[in-house]
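Participant: Dropping the structure in here first, questions after.
The values are calculated or read from the model by the stated rules, or taken from the named source; none is laboratory data. For clarity, every value in this text was computed on a predicted model and none was experimentally measured. Backbone-built Cβ (ideal geometry, glycine too); neighbour counts: all protein chains shown.
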């Protein structure tokens, strides 16, 4: 019986070896083709996933980014984003990281940033967004606060004060929002559509038609919005919208 077992073992060993003396590839324990494909898909998914982050900083300003990451957010996992589209990649993370956007340090005009923020707030209620800007007049700051429904901070503050403001939960800065009536904070969807249409260069008549509103109603709404943010006329409001539509690289501080 033992001789038969030894003979069978020698036959199995011979079958595993080819005539050149190399191990037969078919004898190795290789995974099936579909297992390999699934493994590659998992590797691709893992490679595309972003590492967990506590703070997302959107800015092209190297000095500001270095100061925030090495000083203010040194205890947090901070990820630098070059565009707002890159920020949206992290919305699957739970919880969603705090988002800090440098309005003066990206190529996107402020009016487009505000429009994106409104979409984020609608899709992900409760996200924390902080806007950094410099040299904004009170009316511009109030309009930004009203549109984005978030904190607006002067980026040229001393490091200690800036650090304290950035780490607040939630963050607020009364000095920037002083001229804004808190009981009428956020702009309504219709009010924002009106402002966005004017920022794109549409005439008041075409805006009235698109909103299905009488012309005089559009004039009244503009006057009321201008007064709410501290302006004296609707023409001043339209001028402000044009200013917010200029890319930060072309804006004079």
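Participant: Can you list the helices (runs of 4 or more DSSP H) found entirely within segment 1-101 that contain at least 3 residues being at pLDDT 60 or above?
Facilitator: 33-48, 62-67, 84-88
Participant: While we're here: Being closer than 23 Å to residue 188 by Cβ and in contact (Cβ under 8 Å) with a residue 24 or more places away in the chain narrows it down to one residue among 116, 108, 83; which is it? If you could, list the steps in order and put the result at the bottom.
Facilitator: Working: 108 fails: closer than 23 Å to residue 188 by Cβ; 83 fails: closer than 23 Å to residue 188 by Cβ.
Of 116, 108, 83, the one residue that is closer than 23 Å to residue 188 by Cβ and in contact (Cβ under 8 Å) with a residue 24 or more places away in the chain is 116.
Participant: Now for a separate question. List the number of the failed condition for residue 170; all other conditions in (1) modelled with pLDDT of 90 or more; (2) surrounded by fewer than 21 Cβ atoms within 10 Å (Cβ to Cβ); (3) within 23 Å of residue 53 (Cα to Cα) hold.
Facilitator: (1)
Participant: List pairs: first in segment 185-198 and free of Cβ contacts under 8 Å to residues at least 12 places away in the same chain, second loosely packed, with under 14 Cβ neighbours inside 10 Å and part of a helix (DSSP H, G or I), Cβ under 9 Å, 6+ apart or cross-chain?
Facilitator: Taking only residues 6 or more apart or on different chains, the pairs are 189/122.
Participant: Let me ask something else about it. Hey, does segment 211-222 have a residue that's under 28 Å from residue 123 (Cα atoms), in contact with a helix residue (DSSP H, G or I) (Cβ under 7 Å, 6 or more places away or on another chain) and either at pLDDT below 90 or outside the structural domain of residue 69 (by TED's automatic domain parsing) (or both)?
Facilitator: Checking segment 211-222: at least one residue is under 28 Å from residue 123 (Cα atoms), in contact with a helix residue (DSSP H, G or I) (Cβ under 7 Å, 6 or more places away or on another chain) and either at pLDDT below 90 or outside the structural domain of residue 69 (by TED's automatic domain parsing) (or both).
Participant: Given the structure, is residue 226 surrounded by 14 or more Cβ atoms within 10 Å (Cβ to Cβ), assigned by TED's automatic domain parsing to the domain that holds residue 118 and within 16 Å of residue 143 (Cβ to Cβ)?
Facilitator: Against the criterion (surrounded by 14 or more Cβ atoms within 10 Å (Cβ to Cβ), assigned by TED's automatic domain parsing to the domain that holds residue 118 and within 16 Å of residue 143 (Cβ to Cβ)), residue 226 qualifies.
Participant: Suppose the filter is exposed (fewer than 14 other Cβ atoms within 10 Å of the Cβ) and either at pLDDT 95 or above or assigned by TED's automatic domain parsing to the domain that holds residue 229 (or both); does residue 112 pass it?
Facilitator: no
Participant: Please work out which residue is nearest to residue 192 (Cα to Cα), limiting yourself to segment 71-96 and to residues that are more than 10 Å from the chain's Cα centre (by Cα) and surrounded by 14 or more Cβ atoms within 10 Å (Cβ to Cβ).
Facilitator: 96
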